[in-house]
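Colleague: Please read through the structure below; I'll follow up with questions.
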Amino acid sequence: MTGTDRLAQLTSWDADWSGLRVVVTGLGLSGFSAADTLAELGAEVVAVDGQDTPDTRAKADTLKIVGVQDVLLGEQHTATVPDVGGAAPELIVTSPGWRPDQPLLAAAAAAGIPIWGDVELAWRVRERAGRKTADWLVVTGTNGKTTTVGMVESMLLAAGQRAIACGNVGTPILDAIRDPEGWDTIAVELSSFQLHWTHHIEPAASAVLNIAEDHVDWHGSFEAYCADKAKIYEHTRVACLFNEDQPLTLRMVQQADVQEGCRAVSFATDTPGLSMLGVVDGILVDRAFLQNRAHQALELGHLEDLGPIAPQHQVANALAAAGLVRAIGVPPEAVRDGLRAYQPGDHRIQLVARAEDVMWINDSKATNPHAADASLGSFSHVVWIAGGLPKGVSYDELVARHAARLRAVVLIGADPSELTGALQRHAPDVPVLPTAVRDTGGDPSDGHLAMAAAVREADAVARPGDVVLMAPAAASMDQFVSYADRGDAFINAVARLMDTKGLGS
């Protein structure tokens, strides 16, 4: 039997995985979970990671205890495909952050060795004797994925299901799959990286929330990025949810090879037409998943159910989540109860303080122009804290669209030249304030110092009725450990400012 024939037969946990020669690349959350799972299945596993650190060494020790054959740490091991048990591997399972042009992966592809991601592996082992096999509800998009799968999970729980949000959201999908009891439904957040390495899944329902230029440096082009996102619709069984306001998402559905009977259903934040979810007079309604949809609509909830701040993009996320769960029969009252119970995570349109008639909003998760566009469009008068690692995108359209609402811009980021150029071209009359870190000769790579300075600058120019919005439109890794670290720096700096003023937060 050839390696390809053997892989074709590996479609359940109970299939014969023993002795399969696998290289796992990357020891992040998903890579560690993949290596652990494959060892439990009886495969022969060699793991590779370019970092040789105390953290990776500790992970290596753990993996060897559970049966991983070898763990190769250090950049020198990432250029060629290692042998497994003295022979070439039959399969590579890669962490999503590894690019297709990475030398080891490129060499594997040239040698004809199949490459999977952890999502592909999870789909292959989802069926296991004695456990429930969950329905998959899958979500992608440039922005809003984590919020939407969180809402889906909350709605499913309100319906009495055993459900979990997993994937790119934090809990690795393989950890969810290995739960001893199993799940009724899992809500799976899928990044474009994960979708690139996914070849065949059959979700009950799928959604692309939105598409904008992002991760061009990883995918090579916007077209390649879109092609990977579009893979989420392939083989969907019940419903493909798309954004009525973004025709590109409809084209993705139209070009997808879905299962017989699968429907295309859209969502929009205004009055819905047939086979849509939308909003009428502040009420979220369903005109897709009911028999008499030509003449009736089902009430799913109210805008107030989304909390004190319900910007347009958050409403769109709620409608997409509602469409996904309605596709598998979740009742309208569970949608409403799920929205009310949902607790949004930190760093996404997070109200940090309200003082002197100024709101301070943390949207550190706005790591690209599309996410920042949604934030900026939610407020009328904005002091904008922005900048960071741009990831090869343009800021011209974003700045041009929102120039009229900008009171001032305070720059963070080690190199804000791309954003500065767009501001000079499209908002020449808006004051642009470099943070005091640069003015005083401080280290611009010290993100926490830069954020404290940015908050002081923003406070100096903010007027009553303004919103100070930290929505960087860029990645964080030039000055911070993560977007969460950046958001925490903003929260802490605002708290210190409020204390200094005797206002509290």
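Colleague: Go through region 199-233 and give me each residue that's of a type in the set (S, T, N, Q) and within 16 Å of the chain's Cα centre (by Cα).
Modeller: Within region 199-233, SER206, ASN210 meet the criteria.
Colleague: Still on this structure, I have one more. Report yes if HIS381 is in contact with a Ser or Thr (Cβ under 6 Å, 6 or more places away or on another chain), open to solvent by 40 Å² or more (accessible area, probe 1.4 Å) and on the phi < 0 side of the Ramachandran plot, otherwise no.
Modeller: Answer is no for this residue.
Colleague: Same structure again: I need the helices (runs of 4 or more DSSP H) fully contained in region 376-478, keeping only those with at least 3 residues that are under 27 Å from ALA310 (Cβ atoms).
Modeller: Ranges flagged: 396-402, 447-461.
Colleague: Separate question: Could you check region 67-100 and list, in sequence order, the residues that are part of a loop (DSSP other than H, G, I, E, B) and either aromatic (Phe, Trp, Tyr) or out of contact with any strand residue (DSSP E or B) (no Cβ under 9 Å at 6 or more places or on another chain) (or both)?
Modeller: Across region 67-100, the qualifying residues are ALA79, THR80, GLY86, GLY97, TRP98, ARG99.
Colleague: Just checking: which of the strands (runs of 3 or more DSSP E) contained wholly in region 204-294 hold 1 or more residues that are free of Cβ contacts under 8 Å to residues at least 24 places away in the same chain and over 28 Å from PRO369 (Cβ atoms)?
Modeller: Once the strands (runs of 3 or more DSSP E) in region 204-294 are filtered for at least 1 residues that are free of Cβ contacts under 8 Å to residues at least 24 places away in the same chain and over 28 Å from PRO369 (Cβ atoms), what remains is 276-280, 283-286.
Colleague: From GLY112, GLY141, which residue is within 30 Å of LYS231 (Cβ to Cβ) and within 22 Å of the chain's Cα centre (by Cα)?
Modeller: GLY141
Let's see how each residue does on (1) polar (S, T, N, Q); (2) within 13 Å of VAL23 (Cα to Cα):
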{"residue": "THR94", "(1), (2)": "yes, yes"}
{"residue": "GLY97", "(1), (2)": "no, no"}
{"residue": "ASP101", "(1), (2)": "no, no"}
{"residue": "ALA106", "(1), (2)": "no, no"}
{"residue": "PRO114", "(1), (2)": "no, yes"}
{"residue": "GLU127", "(1), (2)": "no, no"}
{"residue": "THR133", "(1), (2)": "yes, no"}
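Colleague: Continuing with the same structure: Within the bounds of region 433-452, is there any residue that is open to solvent by 40 Å² or more (accessible area, probe 1.4 Å), at pLDDT below 90 and touching a Leu at 6+ places or on another chain (Cβ under 6 Å)?
Modeller: Yes, region 433-452 contains a residue that is open to solvent by 40 Å² or more (accessible area, probe 1.4 Å), at pLDDT below 90 and touching a Leu at 6+ places or on another chain (Cβ under 6 Å).
Colleague: Same structure, new question: Might you let me know whether region 351-363 holds any residue that is under 22 Å from ALA187 (Cα atoms) and of a type outside the set (Val, Ile, Thr)?
Modeller: No - not one qualifying residue is present in region 351-363.
Colleague: Name the residue that is farthest from LEU433 (Cα to Cα), counting only residues in region 452-505 that are polar (S, T, N, Q) and touching a helix residue (DSSP H, G or I) at 6+ places or on another chain (Cβ under 8 Å).
Modeller: Within region 452-505, the match that is farthest from LEU433 (Cα to Cα) is SER505.
Colleague: Looking only at region 138-187, filter to residues that are basic (Lys, Arg) and assigned to a loop (DSSP other than H, G, I, E, B); which one of those is modelled with the highest pLDDT?
Modeller: This residue is ARG162.
Colleague: Quick check, is GLN343 farther than 18 Å from GLY144 by Cα, in a loop (DSSP other than H, G, I, E, B) and open to solvent by 30 Å² or more (accessible area, probe 1.4 Å)?
Modeller: no
Colleague: Next question. Name every residue in region 101-136 that is part of a strand (DSSP E or B) and within 21 Å of ALA47 (Cβ to Cβ), in order of residue number.
Modeller: The answer is ILE115, TRP116, GLY117.
Colleague: Taking the condition of being out of contact with any strand residue (DSSP E or B) (no Cβ under 7 Å at 6 or more places or on another chain) and either open to solvent by 40 Å² or more (accessible area, probe 1.4 Å) or of a type in the set (Phe, Trp, Tyr) (or both), how many residues in region 125-152 meet it?
Modeller: 8
Colleague: Return the residues of region 458-505 that are aliphatic (A, V, I, L, M), open to solvent by 50 Å² or more (accessible area, probe 1.4 Å) and more than 22 Å from SER417 (Cβ to Cβ); say none if nothing qualifies.
Modeller: ALA460, VAL481, LEU503
Colleague: Take the residues of region 168-209 that are charged (D, E, K, R) and in contact with a helix residue (DSSP H, G or I) (Cβ under 6 Å, 6 or more places away or on another chain): which is least open to solvent (accessible area, probe 1.4 Å)?
Modeller: Here the answer is GLU189.
Colleague: Checking LEU29 against (1) surrounded by fewer than 19 Cβ atoms within 10 Å (Cβ to Cβ); (2) touching a Gly at 6+ places or on another chain (Cβ under 6 Å), only one condition comes out false. Which one?
Modeller: Single failed check for LEU29: (2).
Colleague: Let me ask something else. Here are some residues: LYS59, LYS64. Which one is at pLDDT 95 or above, open to solvent by 40 Å² or more (accessible area, probe 1.4 Å) and touching a Phe, Trp or Tyr at 6+ places or on another chain (Cβ under 6 Å)?
Modeller: Sole residue among the options that is at pLDDT 95 or above, open to solvent by 40 Å² or more (accessible area, probe 1.4 Å) and touching a Phe, Trp or Tyr at 6+ places or on another chain (Cβ under 6 Å): LYS59.
Colleague: Moving on to the next point. Could you please let me know if LEU351 is open to solvent by less than 50 Å² (accessible area, probe 1.4 Å) and farther than 17 Å from MET477 by Cα?
Modeller: Against the criterion (open to solvent by less than 50 Å² (accessible area, probe 1.4 Å) and farther than 17 Å from MET477 by Cα), LEU351 does not qualify.
Colleague: Condition (residue is in contact (Cβ under 8 Å) with a residue 24 or more places away in the chain, of a type in the set (A, V, I, L, M, F, W, C), crowded, with 22+ Cβ neighbours inside 10 Å and farther than 20 Å from LEU27 by Cα) applied to region 159-167: is it met by at least one residue?
Modeller: yes
Colleague: While we're on this one: Evaluate the following for HIS235: is it out of contact with any Leu (no Cβ under 9 Å at 6 or more places or on another chain) and crowded, with 20+ Cβ neighbours inside 10 Å?
Modeller: So HIS235 does not fit the description; no.
Colleague: Of the residues ILE309, ILE328, which single one is surrounded by fewer than 24 Cβ atoms within 10 Å (Cβ to Cβ) and modelled with pLDDT of 95 or more?
Modeller: Only one candidate qualifies: ILE328.
Colleague: Being over 26 Å from the mean Cα position of the chain (by Cα) and assigned to a helix (DSSP H, G or I) is true for just one of GLU304, GLU333, GLU299. Which residue is that?
Modeller: GLU333
The values are calculated or read from the model by the stated rules, or taken from the named source; none is laboratory data. What you are looking at is a predicted structure, and each value in this text was computed from that prediction instead of being measured. With ideal geometry, Cβ positions are generated from the backbone for all residues, glycine too; neighbour counts draw on all protein chains shown. Note: areas computed on protein heavy atoms with side chains; ligands, DNA, RNA excluded. Shrake-Rupley method; radii C 1.70, N 1.55, O 1.52, S 1.80 Å.
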